[in-house]
1. Can you confirm whether the stretch 37-59 contains a residue that is of a type in the set (Gly, Ala, Ser), in contact with a strand residue (DSSP E or B) (Cβ under 7 Å, 6 or more places away or on another chain) and under 14 Å from residue 3 (Cβ atoms)?
2. Could you list, in sequence order, all residues of the stretch 37-51 that are within 13 Å of residue 16 (Cβ to Cβ) and in a loop (DSSP other than H, G, I, E, B)?
3. Any residue in the stretch 57-72 that's outside any strand (DSSP E or B): show its pairings with residues that are charged (D, E, K, R) at Cβ separation under 9 Å, as long as the two are six or more apart or on different chains.
4. With respect to residue 22, determine if the residue is of a type in the set (A, V, I, L, M, F, W, C), within 27 Å of residue 66 (Cβ to Cβ) and either crowded, with 17+ Cβ neighbours inside 10 Å or touching a Gly at 6+ places or on another chain (Cβ under 8 Å) (or both).
5. Under 8 Å between Cβ atoms, at least 6 apart or on separate chains: pull out the pairs that start in the stretch 1-24 with a residue that is under 13 Å from residue 39 (Cα atoms) and end on any residue that is surrounded by 13 or more Cβ atoms within 10 Å (Cβ to Cβ) and β-branched (Val, Ile, Thr).
6. Return the only residue of 53, 35 being exposed (fewer than 15 other Cβ atoms within 10 Å of the Cβ) and of a type in the set (Gly, Ala, Ser).
Amino acid sequence: MLKFTQLNERGKTRAAQAFAKAADASLGIKGLDLGKVKVFLSQSNVHRFNNQGELIGKVKRQGNRKQFVPGNLF
């Protein structure tokens, strides 16, 4: 499980492209700038990726505990 900032450049690009595609498909948001998506994901402490840049889940907080939840981009 890696944070976006721990990915190599290829993984970051792949993650940003997948995020933009999912935003279009599920929320109807078209034409997201990949540079801005990369900035957003680099500031997120929630999303977790494998070493190829594929989203594997999110870390959610429940009170003082953190819990990993598979899947779930948004």
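Where a number appears in this text, it was derived from the coordinates with a stated rule and is not lab data. Please read these numbers as outputs of a predicted model, since none were measured by experiment. Positions of Cβ are backbone-derived with ideal geometry, glycine not excepted, and every protein chain shown enters the neighbour counts.
1. Looking for residues that are of a type in the set (Gly, Ala, Ser), in contact with a strand residue (DSSP E or B) (Cβ under 7 Å, 6 or more places away or on another chain) and under 14 Å from residue 3 (Cβ atoms), one finds at least one in the stretch 37-59, hence yes.
2. 44 - this is the single residue of the stretch 37-51 that is within 13 Å of residue 16 (Cβ to Cβ) and in a loop (DSSP other than H, G, I, E, B).
3. If the second residue must be charged (D, E, K, R), the pairs left are 71/58; 72/58; 72/60.
4. No, not satisfied.
5. Note: pairs meeting the criteria are 16/37; 19/37; 20/37.
6. 35
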